[in-house]
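Heads up, the thing below is written out as C-alpha coordinates.
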Amino acid sequence: MRTMAVRVGFLSTAHMHAFSYANALAERTDVQIVGVWDDNPDRGAKFADRFLSEFVPDRDALLNRCDAVIVASENKRHAELVEAAANAKCHVLCEKPLATTEEEGARMLAAIKTNNIKLMTAFPCRYSPAFLRLKQRVASGEIGDLLAACCTNHGRCPFDWFVQGEKSGGGAMTDHVVHVVDLLRSLTSAEPIEVYAQTNNIVYGQQFEDIAMLHVKFSNGLFATIDSSWSRPAAYKTWGDVTMNVIGERGTISLDMFSQALDLYRNANNSHNLASYGSDFDSALIAEFINCIVEDQDPPITFDDGMRASRVVMAGYKSAAMHQPVAVAQ
(Lines give C-alpha, C1' and ligand atoms only; values in the text may rest on other atoms or scores of the structure.)
Protein backbone atom coordinates (compact mmCIF):
# COMPACT_ATOMS: atom_id res chain seq x y z
CA MET A 1 0.00 0.00 0.00
CA ARG A 2 1.23 3.50 -0.85
CA THR A 3 2.22 5.81 2.00
CA MET A 4 3.13 8.85 -0.11
CA ALA A 5 0.66 11.21 -1.74
CA VAL A 6 -0.57 10.20 -5.19
CA ARG A 7 0.89 12.65 -7.71
CA VAL A 8 -1.83 13.71 -10.15
CA GLY A 9 -1.55 15.90 -13.24
CA PHE A 10 -4.03 17.28 -15.74
CA LEU A 11 -3.75 16.64 -19.46
CA SER A 12 -5.85 19.51 -20.87
CA THR A 13 -8.48 21.54 -19.08
CA ALA A 14 -10.75 21.97 -22.10
CA HIS A 15 -13.67 20.23 -20.41
CA MET A 16 -15.39 22.17 -17.63
CA HIS A 17 -15.48 19.08 -15.42
CA ALA A 18 -11.74 19.56 -14.89
CA PHE A 19 -12.59 22.27 -12.36
CA SER A 20 -14.78 20.08 -10.16
CA TYR A 21 -12.22 17.26 -10.31
CA ALA A 22 -9.48 19.65 -9.24
CA ASN A 23 -11.64 20.95 -6.38
CA ALA A 24 -12.15 17.36 -5.22
CA LEU A 25 -8.43 16.60 -5.42
CA ALA A 26 -7.53 19.79 -3.55
CA GLU A 27 -9.65 18.69 -0.58
CA ARG A 28 -7.62 15.50 -0.11
CA THR A 29 -4.48 15.12 1.99
CA ASP A 30 -3.33 11.98 0.13
CA VAL A 31 -3.10 13.69 -3.27
CA GLN A 32 -0.82 16.32 -4.79
CA ILE A 33 -1.71 18.16 -8.01
CA VAL A 34 1.79 18.28 -9.49
CA GLY A 35 1.09 20.12 -12.71
CA VAL A 36 -1.13 21.01 -15.63
CA TRP A 37 -0.47 20.63 -19.33
CA ASP A 38 -2.72 22.15 -21.97
CA ASP A 39 -2.25 22.79 -25.67
CA ASN A 40 -3.83 26.17 -24.89
CA PRO A 41 -1.15 27.65 -22.61
CA ASP A 42 -3.28 30.57 -21.43
CA ARG A 43 -6.13 28.27 -20.43
CA GLY A 44 -3.78 25.82 -18.74
CA ALA A 45 -1.84 28.51 -16.87
CA LYS A 46 -5.02 30.08 -15.47
CA PHE A 47 -6.21 26.67 -14.32
CA ALA A 48 -2.87 25.87 -12.68
CA ASP A 49 -2.81 29.23 -10.91
CA ARG A 50 -6.32 28.74 -9.58
CA PHE A 51 -5.39 25.43 -7.98
CA LEU A 52 -1.95 26.48 -6.73
CA SER A 53 -0.19 24.21 -9.18
CA GLU A 54 2.29 24.65 -12.02
CA PHE A 55 1.67 24.94 -15.73
CA VAL A 56 4.07 22.58 -17.53
CA PRO A 57 4.38 23.37 -21.25
CA ASP A 58 6.14 20.05 -22.01
CA ARG A 59 3.61 17.23 -21.83
CA ASP A 60 6.22 14.48 -21.40
CA ALA A 61 7.92 16.44 -18.62
CA LEU A 62 4.64 16.55 -16.72
CA LEU A 63 3.99 12.84 -17.26
CA ASN A 64 7.41 12.01 -15.85
CA ARG A 65 6.41 13.48 -12.49
CA CYS A 66 2.93 11.89 -12.26
CA ASP A 67 1.50 8.68 -10.88
CA ALA A 68 -1.85 9.43 -12.51
CA VAL A 69 -3.47 11.97 -14.80
CA ILE A 70 -6.93 13.29 -15.50
CA VAL A 71 -7.66 13.64 -19.22
CA ALA A 72 -10.16 16.49 -19.61
CA SER A 73 -9.49 17.40 -23.22
CA GLU A 74 -11.73 17.73 -26.24
CA ASN A 75 -13.29 14.33 -27.00
CA LYS A 76 -11.29 13.66 -30.16
CA ARG A 77 -7.99 14.01 -28.25
CA HIS A 78 -8.76 11.36 -25.63
CA ALA A 79 -7.00 8.56 -27.52
CA GLU A 80 -3.84 10.57 -28.10
CA LEU A 81 -3.56 11.68 -24.47
CA VAL A 82 -4.47 8.30 -22.96
CA GLU A 83 -1.79 6.71 -25.13
CA ALA A 84 0.79 9.24 -23.96
CA ALA A 85 -0.14 8.72 -20.31
CA ALA A 86 -0.12 4.93 -20.61
CA ASN A 87 3.29 4.94 -22.30
CA ALA A 88 4.57 6.98 -19.33
CA LYS A 89 3.09 4.37 -16.93
CA CYS A 90 0.51 6.83 -15.56
CA HIS A 91 -2.96 5.71 -14.51
CA VAL A 92 -5.81 7.62 -16.15
CA LEU A 93 -9.20 9.06 -15.27
CA CYS A 94 -10.65 9.97 -18.68
CA GLU A 95 -13.58 12.31 -19.22
CA LYS A 96 -16.61 10.95 -21.06
CA PRO A 97 -17.36 10.09 -23.81
CA LEU A 98 -14.35 7.79 -23.71
CA ALA A 99 -14.17 7.46 -27.50
CA THR A 100 -16.04 8.66 -30.55
CA THR A 101 -14.88 5.85 -32.87
CA GLU A 102 -13.88 2.21 -32.55
CA GLU A 103 -10.40 3.09 -33.80
CA GLU A 104 -9.90 5.52 -30.92
CA GLY A 105 -11.00 2.87 -28.46
CA ALA A 106 -8.67 0.26 -29.95
CA ARG A 107 -5.70 2.63 -29.62
CA MET A 108 -6.47 3.27 -25.96
CA LEU A 109 -7.04 -0.39 -25.14
CA ALA A 110 -3.74 -1.41 -26.74
CA ALA A 111 -1.85 1.22 -24.73
CA ILE A 112 -3.59 0.23 -21.48
CA LYS A 113 -2.80 -3.46 -21.92
CA THR A 114 0.76 -2.97 -23.13
CA ASN A 115 1.66 -0.76 -20.18
CA ASN A 116 -0.56 -2.43 -17.57
CA ILE A 117 -2.08 0.80 -16.30
CA LYS A 118 -5.53 1.50 -14.85
CA LEU A 119 -8.08 3.52 -16.83
CA MET A 120 -11.30 4.71 -15.20
CA THR A 121 -14.09 6.34 -17.19
CA ALA A 122 -15.55 9.49 -15.62
CA PHE A 123 -19.21 8.63 -14.97
CA PRO A 124 -19.87 10.48 -11.69
CA CYS A 125 -23.65 10.03 -11.90
CA ARG A 126 -23.16 6.46 -10.69
CA TYR A 127 -22.41 7.94 -7.26
CA SER A 128 -25.69 9.82 -6.95
CA PRO A 129 -27.40 8.73 -3.70
CA ALA A 130 -30.74 8.87 -5.53
CA PHE A 131 -29.45 6.49 -8.19
CA LEU A 132 -27.93 4.14 -5.60
CA ARG A 133 -31.30 4.06 -3.82
CA LEU A 134 -33.05 3.34 -7.13
CA LYS A 135 -30.70 0.38 -7.68
CA GLN A 136 -31.49 -0.95 -4.21
CA ARG A 137 -35.23 -0.74 -4.75
CA VAL A 138 -35.07 -2.37 -8.18
CA ALA A 139 -32.76 -5.14 -6.91
CA SER A 140 -35.15 -5.84 -4.02
CA GLY A 141 -37.89 -6.70 -6.52
CA GLU A 142 -40.10 -3.89 -5.29
CA ILE A 143 -41.57 -3.22 -8.74
CA GLY A 144 -40.86 -6.62 -10.28
CA ASP A 145 -38.95 -7.19 -13.50
CA LEU A 146 -38.15 -4.00 -15.39
CA LEU A 147 -40.00 -3.42 -18.65
CA ALA A 148 -39.06 0.08 -19.78
CA ALA A 149 -37.41 3.36 -18.83
CA CYS A 150 -38.00 6.94 -19.94
CA CYS A 151 -34.86 8.99 -19.38
CA THR A 152 -33.51 12.49 -20.04
CA ASN A 153 -30.21 14.29 -19.91
CA HIS A 154 -31.16 17.72 -21.17
CA GLY A 155 -28.76 20.64 -21.02
CA ARG A 156 -27.78 24.03 -22.28
CA CYS A 157 -25.63 24.08 -25.38
CA PRO A 158 -22.02 24.64 -24.20
CA PHE A 159 -20.90 25.89 -27.64
CA ASP A 160 -17.08 26.38 -28.00
CA TRP A 161 -15.36 23.13 -29.06
CA PHE A 162 -18.44 21.08 -28.12
CA VAL A 163 -20.11 22.17 -31.37
CA GLN A 164 -17.01 21.71 -33.52
CA GLY A 165 -17.29 18.17 -34.86
CA GLU A 166 -13.59 17.80 -35.57
CA LYS A 167 -12.93 18.29 -31.83
CA SER A 168 -16.07 16.91 -30.19
CA GLY A 169 -17.06 14.08 -32.51
CA GLY A 170 -20.68 15.23 -32.51
CA GLY A 171 -23.26 17.41 -30.79
CA ALA A 172 -25.87 16.79 -28.10
CA MET A 173 -25.98 13.03 -28.68
CA THR A 174 -22.22 12.71 -28.16
CA ASP A 175 -22.29 14.94 -25.09
CA HIS A 176 -25.18 13.46 -23.10
CA VAL A 177 -26.26 9.96 -24.12
CA VAL A 178 -23.35 8.11 -22.48
CA HIS A 179 -24.28 9.16 -18.93
CA VAL A 180 -27.77 7.66 -19.16
CA VAL A 181 -26.63 4.52 -20.98
CA ASP A 182 -24.09 3.88 -18.25
CA LEU A 183 -26.74 4.31 -15.55
CA LEU A 184 -29.07 1.89 -17.35
CA ARG A 185 -26.29 -0.69 -17.72
CA SER A 186 -25.46 -0.37 -14.04
CA LEU A 187 -29.12 -0.59 -13.06
CA THR A 188 -30.02 -3.61 -15.16
CA SER A 189 -26.74 -5.53 -15.67
CA ALA A 190 -27.93 -5.80 -19.28
CA GLU A 191 -26.30 -4.59 -22.48
CA PRO A 192 -27.74 -2.24 -25.13
CA ILE A 193 -28.18 -4.22 -28.33
CA GLU A 194 -30.11 -1.95 -30.72
CA VAL A 195 -30.64 1.78 -31.23
CA TYR A 196 -33.12 3.83 -33.20
CA ALA A 197 -32.22 7.53 -33.16
CA GLN A 198 -33.48 10.78 -34.61
CA THR A 199 -31.60 14.07 -34.49
CA ASN A 200 -32.31 17.63 -35.51
CA ASN A 201 -30.94 21.16 -35.21
CA ILE A 202 -34.18 23.04 -34.63
CA VAL A 203 -33.08 24.85 -31.47
CA TYR A 204 -30.05 26.72 -32.87
CA GLY A 205 -30.35 25.96 -36.58
CA GLN A 206 -26.65 25.26 -36.98
CA GLN A 207 -24.78 22.28 -38.36
CA PHE A 208 -24.50 20.36 -35.08
CA GLU A 209 -27.44 18.39 -33.69
CA ASP A 210 -29.05 20.05 -30.69
CA ILE A 211 -31.94 17.56 -30.50
CA ALA A 212 -31.21 13.85 -30.06
CA MET A 213 -33.87 11.26 -29.23
CA LEU A 214 -32.97 7.58 -28.88
CA HIS A 215 -34.89 4.34 -28.43
CA VAL A 216 -32.55 1.67 -27.02
CA LYS A 217 -33.25 -2.06 -26.67
CA PHE A 218 -31.38 -4.06 -24.02
CA SER A 219 -30.38 -7.71 -23.86
CA ASN A 220 -32.88 -8.43 -21.05
CA GLY A 221 -35.84 -7.18 -23.11
CA LEU A 222 -36.05 -3.72 -21.54
CA PHE A 223 -36.38 -0.74 -23.84
CA ALA A 224 -35.48 2.83 -22.93
CA THR A 225 -36.03 6.22 -24.44
CA ILE A 226 -33.31 8.84 -23.96
CA ASP A 227 -33.77 12.56 -24.63
CA SER A 228 -30.25 13.98 -24.73
CA SER A 229 -31.05 17.35 -26.25
CA TRP A 230 -29.37 20.73 -25.73
CA SER A 231 -32.84 22.16 -25.28
CA ARG A 232 -32.36 24.33 -22.19
CA PRO A 233 -32.32 28.06 -23.05
CA ALA A 234 -29.37 30.17 -21.92
CA ALA A 235 -31.56 31.80 -19.26
CA TYR A 236 -32.71 28.50 -17.75
CA LYS A 237 -32.22 28.17 -13.98
CA THR A 238 -29.73 25.30 -14.24
CA TRP A 239 -27.53 23.60 -16.82
CA GLY A 240 -29.86 20.63 -17.32
CA ASP A 241 -31.02 17.41 -15.71
CA VAL A 242 -30.78 13.66 -15.38
CA THR A 243 -34.15 11.97 -14.90
CA MET A 244 -35.21 8.32 -15.07
CA ASN A 245 -38.75 6.95 -14.94
CA VAL A 246 -38.37 3.19 -14.52
CA ILE A 247 -41.38 0.98 -15.25
CA GLY A 248 -41.66 -2.49 -13.75
CA GLU A 249 -44.31 -5.21 -13.69
CA ARG A 250 -45.79 -3.91 -10.43
CA GLY A 251 -45.08 -0.19 -10.45
CA THR A 252 -42.85 2.68 -11.42
CA ILE A 253 -40.05 4.62 -9.72
CA SER A 254 -39.06 8.14 -10.75
CA LEU A 255 -35.62 9.67 -10.23
CA ASP A 256 -34.72 13.36 -10.56
CA MET A 257 -31.00 13.37 -9.87
CA PHE A 258 -30.43 17.09 -9.30
CA SER A 259 -33.65 18.05 -7.55
CA GLN A 260 -31.94 18.66 -4.18
CA ALA A 261 -31.73 22.40 -4.72
CA LEU A 262 -33.31 25.68 -3.72
CA ASP A 263 -34.68 28.25 -6.14
CA LEU A 264 -32.51 31.35 -5.87
CA TYR A 265 -33.79 34.69 -7.16
CA ARG A 266 -31.54 37.76 -7.32
CA ASN A 267 -32.66 41.36 -7.66
CA ALA A 268 -29.22 42.53 -8.78
CA ASN A 269 -29.37 40.89 -12.20
CA ASN A 270 -32.97 39.64 -12.29
CA SER A 271 -31.73 36.05 -12.35
CA HIS A 272 -33.25 32.75 -11.31
CA ASN A 273 -30.85 29.93 -10.46
CA LEU A 274 -30.70 26.79 -8.38
CA ALA A 275 -28.54 26.56 -5.27
CA SER A 276 -27.74 22.87 -4.89
CA TYR A 277 -27.39 21.20 -1.51
CA GLY A 278 -27.07 17.67 -2.86
CA SER A 279 -24.15 15.26 -2.68
CA ASP A 280 -20.90 15.86 -4.56
CA PHE A 281 -20.73 13.08 -7.15
CA ASP A 282 -17.39 14.26 -8.53
CA SER A 283 -15.71 13.96 -5.12
CA ALA A 284 -16.99 10.39 -4.88
CA LEU A 285 -15.65 9.65 -8.36
CA ILE A 286 -12.23 11.07 -7.49
CA ALA A 287 -12.16 9.12 -4.21
CA GLU A 288 -12.78 5.87 -6.10
CA PHE A 289 -10.09 6.67 -8.66
CA ILE A 290 -7.47 7.43 -6.01
CA ASN A 291 -8.48 4.39 -3.99
CA CYS A 292 -8.05 1.99 -6.90
CA ILE A 293 -4.48 3.29 -7.32
CA VAL A 294 -3.61 3.16 -3.62
CA GLU A 295 -5.16 -0.28 -3.12
CA ASP A 296 -3.98 -1.57 -6.52
CA GLN A 297 -7.49 -2.60 -7.48
CA ASP A 298 -9.34 -2.59 -10.78
CA PRO A 299 -11.19 0.67 -11.50
CA PRO A 300 -14.88 0.46 -10.54
CA ILE A 301 -15.86 2.09 -13.86
CA THR A 302 -13.77 0.46 -16.53
CA PHE A 303 -12.57 1.04 -20.06
CA ASP A 304 -15.23 -1.46 -21.18
CA ASP A 305 -17.94 0.53 -19.40
CA GLY A 306 -16.83 3.65 -21.25
CA MET A 307 -16.71 1.94 -24.63
CA ARG A 308 -20.09 0.22 -24.29
CA ALA A 309 -21.73 3.58 -23.59
CA SER A 310 -19.85 5.20 -26.46
CA ARG A 311 -20.94 2.47 -28.87
CA VAL A 312 -24.57 3.42 -28.30
CA VAL A 313 -23.73 6.91 -29.55
CA MET A 314 -21.87 5.50 -32.55
CA ALA A 315 -24.87 3.33 -33.41
CA GLY A 316 -27.15 6.32 -32.85
CA TYR A 317 -25.46 8.37 -35.55
CA LYS A 318 -25.66 5.45 -37.98
CA SER A 319 -29.34 5.02 -37.19
CA ALA A 320 -30.11 8.71 -37.65
CA ALA A 321 -28.35 8.67 -41.03
CA MET A 322 -30.04 5.45 -42.19
CA HIS A 323 -33.50 6.17 -40.65
CA GLN A 324 -33.71 2.68 -39.22
CA PRO A 325 -32.65 0.69 -36.12
CA VAL A 326 -28.97 -0.25 -35.89
CA ALA A 327 -27.30 -2.99 -33.86
CA VAL A 328 -24.87 -1.89 -31.15
CA ALA A 329 -21.38 -3.37 -31.48
CA GLN A 330 -20.56 -5.78 -28.66
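The values are calculated or read from the model by the stated rules, or taken from the named source; none is laboratory data. All of these numbers come straight from a predicted model, not from anything done at the bench. Quick reminder, even Gly has a Cβ in these numbers, built from the backbone with ideal geometry, and neighbours come from all protein chains shown.
Table: residues versus (1) assigned by TED's automatic domain parsing to the domain that holds Arg107; (2) of a type in the set (Lys, Arg); (3) farther than 26 Å from Asp30 by Cβ.
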| site | (1), (2), (3) |
| --- | --- |
| Arg43 | yes, yes, yes |
| Ser53 | yes, no, no |
| Pro57 | yes, no, yes |
| Ala61 | yes, no, no |
| Glu74 | yes, no, yes |
| Arg77 | yes, yes, yes |
| Val82 | yes, no, no |
| Cys90 | yes, no, no |
| Leu93 | yes, no, no |
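Residue by residue, here is whether (1) in the same structural domain as Asp241 (by TED's automatic domain parsing); (2) under 21 Å from Val242 (Cα atoms); (3) in contact with a strand residue (DSSP E or B) (Cβ under 7 Å, 6 or more places away or on another chain); (4) of a type in the set (Val, Ile, Thr) holds:
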residue	(1), (2), (3), (4)
Leu134	yes, yes, yes, no
Asn153	yes, yes, yes, no
Trp161	yes, no, no, no
Val181	yes, yes, yes, yes
Val216	yes, yes, yes, yes
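Would you confirm whether any residue within region 144-164 is surrounded by fewer than 20 Cβ atoms within 10 Å (Cβ to Cβ), in a helix (DSSP H, G or I) and of a type in the set (S, T, N, Q)? The answer is no, given that none of the residues of region 144-164 is surrounded by fewer than 20 Cβ atoms within 10 Å (Cβ to Cβ), in a helix (DSSP H, G or I) and of a type in the set (S, T, N, Q). Contact map, region 112-132: first residue in a loop (DSSP other than H, G, I, E, B), second residue among the hydroxyl-bearing types (Ser, Thr, Tyr), Cβ cut-off under 8 Å, separation 6 or more or different chains; pairs are Ser128/Ser279.
Scan region 281-323 residue by residue and report those that are part of a loop (DSSP other than H, G, I, E, B) and assigned by TED's automatic domain parsing to the domain that holds Val195. Steps first, answer last, please.
Looking only at region 281-323, we keep the residues that are part of a loop (DSSP other than H, G, I, E, B), and these are 295-302, 323.
Within region 281-323, just His323 meets the criteria.
Every condition in (1) surrounded by 16 or more Cβ atoms within 10 Å (Cβ to Cβ); (2) over 27 Å from Asp296 (Cα atoms) holds for Asp42 except the one numbered (1).
Can you tell me which residue within region 224-262, out of those that are in contact with a Lys or Arg (Cβ under 7 Å, 6 or more places away or on another chain) and loosely packed, with under 14 Cβ neighbours inside 10 Å, is farthest from Gln136 (Cα to Cα)? Please lay out each step first, then the result.
Just the residues of region 224-262 that are in contact with a Lys or Arg (Cβ under 7 Å, 6 or more places away or on another chain), to begin with: 230, 232, 234, 236, 239-240, 253.
Still in the running and loosely packed, with under 14 Cβ neighbours inside 10 Å: 234, 239.
Working: Ala234: 36, Trp239: 28 Å.
Top of the filtered list is Ala234.
Number of residues in region 133-166 that are in contact with a helix residue (DSSP H, G or I) (Cβ under 8 Å, 6 or more places away or on another chain) and either without any contact (Cβ under 8 Å) to a residue 60 or more places away in the chain or among the aromatic types (Phe, Trp, Tyr) (or both) equals 3. Pairing residues of region 282-306 that are farther than 25 Å from Thr174 by Cα with residues that are modelled with pLDDT under 95, at Cβ distances under 9 Å and at least 6 apart in sequence or on separate chains, gives Ile293/Arg2; Val294/Met1; Val294/Arg2; Glu295/Met1; Glu295/Arg2; Asp296/Met1; Asp296/Arg2. Just for region 25-49: of the residues that are of a type in the set (Lys, Arg) and touching a residue at least 24 places away in the same chain (Cβ under 8 Å), which one is nearest to Cys90 (Cα to Cα)? It comes out as Arg28.
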